[in-house]
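See structure below.
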Amino acid sequence: MFLFVLANVIAFNHAYRMTHFSATEKERTKKIEALSTFDKIKTVLLGVSIPRPIDTIFPKQIFETVYFESDLKLESWLIQNSHPKGVVLMFHGFASSKSGLLRYAEEFYKAGYTTLLTDLRGNGGSEGHQCTIGFKESKDVKASIEYVQKRFPNQKIILFGSSMGAASIMKAVESYDVVADRIILECPFGSMRKTTKARFNSMGIPSFPFTDMLLFYGGLQNGFNAWQHKPEEYAKKISTSTLLLYGARDPRVSRSETDLIFKNLQGPKTLGIMENSGHEIYLNDDASTWKQYVFDFLEN
């Protein structure tokens with residue numbers, strides 16, 4: 001009985017800490033390998049510490065801070081190009097913010113595109129304190145598209161998302177039938193269950209039975225069915241021309257997940273492999289490859 005109760009306490013704490021960023025803690029929990037024995041036990045029992053992501057760097061170009069409503073107030077940076085080829089709507093990954101998109105945004109700007117970088121709910125300057133790993137964030141994608149459609153009614157719309165941002169885009173297409181001219185997805189996970197299992201494995205914690213326990217408590221705490229959060233299934237609703245990018249050294253998303261998502265995409269599609277990258281910004285180690293894939297996709 002004691003072990004059963006302890007397992008549930010651990011799962012409850014991990015679910016809460018993963019989906020509720022801390023407003024008081026300043027440092028994120030180090031990788032499990034770097035922790036002391038005491039800190040490892042503390043992390044296993046209480047969950048990881050994830051400070052609320054904030055915007056720490058700002059665009060080099062002239063930009064405008066804009067606000068619009070999802071079911072929460074969202075903050076975005078609009079970087080306008082004088083003669084844009086289109087507008088790239090950009091969505092960041094888990095425990096990040098729009099600051100983390102700036103290197104990508106600079107490349108799009110140099111190539112002639114206007115960019116809109118949005119803090120998803122609970123991140124950066126946007127309202128909220130919860131994160132559903134792309135499920136409810138899909139509403140933020142929908143709101144961003146509606147904002148751009150009203151402000152730039154004759155411009156092409158390109159959706160760009162990394163990890164959780166990619167999952168948010170895919171869920172928005174599945175749930176809200178959002179429309180775009182092109183979609184670029186970087187390292188989306190196949191399902192909430194698969195990405196949760198991978199995270200437990202990376203921490204050295206047995207994935208069974210904690211994966212399903214965490215999904216249960218995470219869904220209960222945040223008001224959604226975590227088992228049904230499956231970008232690999234959302235892909236079946238995507239008929240827009242899509243570029244799917246994957247880092248060959250990714251420890252969090254498997255190649256089989258990526259291949260299944262690619263198989264399920266219904267429209268014209270391209271798969272690009274970043275041979276030197278993991279689950280990270282691809283401009284670090286595969287900049288030239290990333291640029292070739294992205295701008296060939298957008299301009300051909």
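The values are calculated or read from the model by the stated rules, or taken from the named source; none is laboratory data. None of the values given here were measured: they were computed from a predicted structure. Note: ideal-geometry Cβ built from the backbone for every residue, glycine included; neighbour counts use all protein chains shown.
A few points about this structure:
- Residue match in the range 14-29 (condition: assigned to a loop (DSSP other than H, G, I, E, B) and in contact with a helix residue (DSSP H, G or I) (Cβ under 8 Å, 6 or more places away or on another chain)): yes
- Residues in the range 131-159 that are within 24 Å of R199 (Cβ to Cβ) and in contact with a strand residue (DSSP E or B) (Cβ under 9 Å, 6 or more places away or on another chain): C131, G134, K136, E137, D140, V141.
- Residue in the range 152-174 that is farther than 25 Å from L78 by Cβ and surrounded by fewer than 24 Cβ atoms within 10 Å (Cβ to Cβ) present: yes
- With respect to the conditions (1) closer than 25 Å to I133 by Cβ; (2) at pLDDT 95 or above, P84 falls short on a single one, namely (1).
- Among the residues of the range 89-122, those identified as closer than 18 Å to K60 by Cα and among the aromatic types (F, W, Y) are Y104, F108, Y109, Y113.
- Taking the range 78-93 as the range and being touching a Ser or Thr at 6+ places or on another chain (Cβ under 6 Å) and either aromatic (F, W, Y) or over 21 Å from W290 (Cβ atoms) (or both) as the test, the residues that pass are Q80, F91.
- In the range 6-53, the qualifying residues are those that are β-branched (V, I, T) and either surrounded by 17 or more Cβ atoms within 10 Å (Cβ to Cβ) or assigned by TED's automatic domain parsing to the domain that holds G100 (or both), and the one that is modelled with the lowest pLDDT is V44.
- Selected residue (criterion: nearest to Y109 (Cα to Cα)) from residues of the range 257-269 that are in contact with a helix residue (DSSP H, G or I) (Cβ under 9 Å, 6 or more places away or on another chain) and surrounded by fewer than 16 Cβ atoms within 10 Å (Cβ to Cβ): Q266
- Helices (runs of 4 or more DSSP H) lying entirely in the range 137-250 (those with 2 or more residues that are within 30 Å of N284 (Cα to Cα) and in contact with a helix residue (DSSP H, G or I) (Cβ under 9 Å, 6 or more places away or on another chain)): 138-151, 164-176, 192-203, 231-234
- Among the residues of the range 259-300, just one is among the aromatic types (F, W, Y) and either assigned to a loop (DSSP other than H, G, I, E, B) or at pLDDT below 95 (or both), namely Y282.
- Residue, surrounded by the fewest Cβ atoms within 10 Å (Cβ to Cβ), within the range 240-256, restricted to residues that are polar (S, T, N, Q) and within 17 Å of G161 (Cα to Cα): S241
- Of all the residues in the range 256-298, those that are in contact (Cβ under 8 Å) with a residue 24 or more places away in the chain and among the acidic types (D, E) number 4.
- Among (1) farther than 16 Å from F262 by Cβ; (2) of a type in the set (S, T, N, Q); (3) at pLDDT 95 or above, the one test that S191 misses: (1)
- From the list F135, F68, the lone residue that is within 30 Å of T258 (Cβ to Cβ) and assigned by TED's automatic domain parsing to the domain that holds V253 is F135.
Every residue, every condition in (1) of a type in the set (V, I, T); (2) without any contact (Cβ under 8 Å) to a residue 12 or more places away in the chain; (3) in contact with a Leu (Cβ under 8 Å, 6 or more places away or on another chain), yes or no:
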{"site": "S97", "(1), (2), (3)": "no, no, no"}
{"site": "R103", "(1), (2), (3)": "no, no, yes"}
{"site": "F152", "(1), (2), (3)": "no, no, no"}
{"site": "I157", "(1), (2), (3)": "yes, no, yes"}
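- For the range 183-227, a residue qualifies if it is under 22 Å from L271 (Cα atoms) and among the charged types (D, E, K, R), and the qualifying residues are E186, K194.
- Subset of the range 213-229 that is surrounded by fewer than 21 Cβ atoms within 10 Å (Cβ to Cβ) and of a type outside the set (F, W, Y) - its residue that is farthest from D181 (Cα to Cα): M213
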